[in-house]
Amino acid sequence: MIGYAFMGAAHSQAWRNVHRFFPLELTPEMAVLVGRNAEAVQQAAATFGWAETATDWRAVVEREDVDVVDICTPGDTHAEIALAALAAGKHVLCEKPLANTVAEAEEMTAAAEQARARGVRSMVGFSYRRVPALALMRQLVAEGVVGDIRHIRGLYLQDWIVDPEFPLVWRLQKDKAGSGALGDIGAHILDAAEFVTGHRITGVAAQTETFVKERPLPGESGTGGLSATGGTGTGPVTVDDAAVVLARTDAGALATFEATRFATGRKNRIVLEVNGSKGSLAFNFEDMNSLEHYDLAAGDRAGFTKISVTEPTHPYLEAWWPAGHGLGYEHTFVHQARDFLAAIAAEEDPTPSFADGLRIQRLLAAVEESAGAQAAWQQV
C-alpha cells in the first residue's frame with residue numbers, strides 16, 4: 001500500500017479484517033507500506049500491522065512477492081504509480097478520483113485494458129457503493145420499486161475548512177488534488193447516483209466557488225489534509241470550495257448535485273434521493289444503516305417508511321452482527337476489499353473499473369468547463 005494517512009488507515013483496517021469476517025479464497029498479506037517519510041511510515045506500519053516499510057514505491061511495485069498495489073496517495077501521483085504497477089503485472093486498487101485530469105484517466109484506463117488481457121485486475125475506490133443501504137437502494141430501483149425515475153438529488157456536505165485560518169493543505173492545491181470539493185466529495189455523489197439508478201448523466205450546467213482564496217501555509221507535520229497551522233505566510237487556494245450542478249440523464253430524469261466544504265455544522269452529510277412514478281427512496285449517510293421508502297400505492301396511508309438495513313439478507317450483512325447492530329464508515333472499505341479479492345480469485349473484473357473512474361473524471365471535467373463558462377450547458 002502506498003500512502004498511510006486518512007485513506008491509508010481506512011484501507012489498512014480493511015486488509016487486516018476482511019478475511020476474518022468474509023470467506024475468501026485469497027487471504028491478503030500486509031507485506032509493505034510505502035511513504036516518503038521513513039520515520040512516519042514506520043510508525044504507521046507498526047500501528048496498522050504492516051510487515052515492513054519502504055520509501056521508494058518504484059522498487060516495491062517491481063517486487064516479486066507483491067501481487068496487489070493499493071494507491072492511497074494524492075491524485076497527482078495516481079497515474080504514475082498505477083501505470084507502473086499495471087506494467088509490472090500487479091493488481092491495482094486506486095483511490096478516487098482516478099486521476100487529476102481526463103488525459104491521465106484515459107491513459108490509466110487504456111493500460112488497465114491491456115493488463116486485463118494478461119489477467120491483471122484493477123478497480124477504483126468509490127467506497128460508498130459498499131454502504132449496505134445504498135447497495136439495497138440500487139437493488140430496489142432495479143426491481144422497479146420507484147417506477148420511472150424523474151428526479152435524482154444528491155448532496156455531499158462538509159464544513160472542515162470553514163475557518164479561514166485552516167492551513168493550505170494539499171487538498172486545497174489544484175496541482176496535487178486536481179479539484180476541490182468537486183473531485184474530493186462531488187465525485188462520490190455523481191458515482192453513487194449513476195450506480196443506484198443505472199442512469200447515465202448526459203449533460204451538466206454548473207457553478208463553483210472558492211470562498212476563502214488565501215490560506216496560511218501548513219507546517220511540515222500535516223497529515224492527509226487535516227493538519228494544524230505551523231508554517232509562515234500564506235498561499236492561494238487553487239481549487240473550488242463548493243460546486244452546484246444541474247444535470248440530465250439518458251433516461252430523461254432531472255438531477256441536482258451539491259458538494260461543499262462550507263456547509264457549516266455538517267461533518268459528512270451524504271444524501272441521495274430518487275423520486276419516481278411509483279414512489280421514492282432516500283438515503284442519508286448520517287443515518288447510514290437506514291433507507292427511507294415511500295410507496296405511492298399505499299394511498300391515504302402512504303408515508304415514508306424507514307427500512308432498517310441490518311438484516312443478514314441485506315447486501316454485505318451476512319458477515320456481520322445480529323439485526324439492529326449497525327455498521328460504520330470503516331466497514332465500507334472491508335466490503336470493498338472483499339469485492340476486490342473475490343473478483344481476483346474468480347478471474348473476473350471488479351467494479352467500479354478504471355473505465356468507470358474515467359467516466360466520473362469526464363463528468364468532473366464537464367462540470368469545471370461549465371462553471372468556467374458561467375454555467376453554460378456541457379454535453380457529456
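General remarks:
- Taking every protein chain into account, the accessible area of the chain amounts to 43 square angstrom per residue (probe 1.4 Å).
- Distance between the range 283-334 and the range 346-380 - C-alpha centres, whole angstrom: 29 Å
- Inter-label distance, Ala345 to Asp56: 3.5 nm, where each label sits 7 Å from its Cα along the C-beta direction.
- Whole-Hz ³J(HN,Hα) from phi, Karplus 6.51 cos²θ - 1.76 cosθ + 1.60, for the range 75-84, glycine and proline x: x, 5, 10, 4, 4, 4, 5, 4, 4, 5
- Label-to-label distance, Trp160 versus Leu217, with points set 7 angstrom from Cα along the beta-carbon direction: 2.3 nm.
- Extended-chain gain in nm, criterion 0.36 nm per residue less alpha-carbon gap, Arg36 and Phe6: 9.3 nm
- Cut-off under 5 Å, modelled amide H: who pairs with Arg121 long-range: His91, Val92
- Normalised convex hull volume, the range 165-297, alpha-carbon set, Å³ per residue: 125 Å³
- Cα gyration tensor shape of the range 317-380, rounded if a/c is under 1.5, else prolate or oblate by comparing a/b with b/c: oblate
- The number of Lys pairs in the chain with C-alpha atoms less than 30 Å apart, excluding pairs fewer than 8 positions apart on the same chain, is 13.
- Couplings 3J(HN,Hα) for the range 19-24, derived from phi with the Karplus relation 6.51 cos²θ - 1.76 cosθ + 1.60 (θ = phi - 60°), are 7, 7, 10, 10, x, 10 Hz, where x marks Gly and Pro.
- Contact order for the chain, expressed relative to its length and based on alpha carbon pairs under 8 Å spaced 6+ residues apart, stands at 21 percent.
- Gyration tensor (Cα) of the chain, equivalent ellipsoid semi-axes in angstrom: 32, 27, 21
- Theoretical gain in end-to-end length, His151 to Ala110 [0.36 nm per residue, Cα-Cα removed]: 11.4 nm
- The solvent-accessible area of Met30, taken with every protein chain present and a 1.4 Å probe, is close to 30 Å².
- Sites Glu25 and Ala323 - FRET efficiency at Förster radius 25 Å, r taken between beta-carbons, to 0.05: 0.35
- Rounded if a/c under 1.5, otherwise prolate or oblate - the range 62-179, Cα gyration tensor axes: oblate
- Our estimate of slack between Asn284 and Leu254, defined as 0.36 nm per intervening residue step minus the Cα-Cα distance, is 8.8 nm.
The values are calculated or read from the model by the stated rules, or taken from the named source; none is laboratory data. All values reported here derive from a predicted model rather than from experimental measurement. Cβ sites come from the backbone with ideal geometry, for glycine too, and all protein chains shown count toward neighbours. Note: accessible area is taken over every heavy atom of the protein model, side chains too, but ligands, DNA and RNA are not part of it. Shrake-Rupley method; radii C 1.70, N 1.55, O 1.52, S 1.80 Å.
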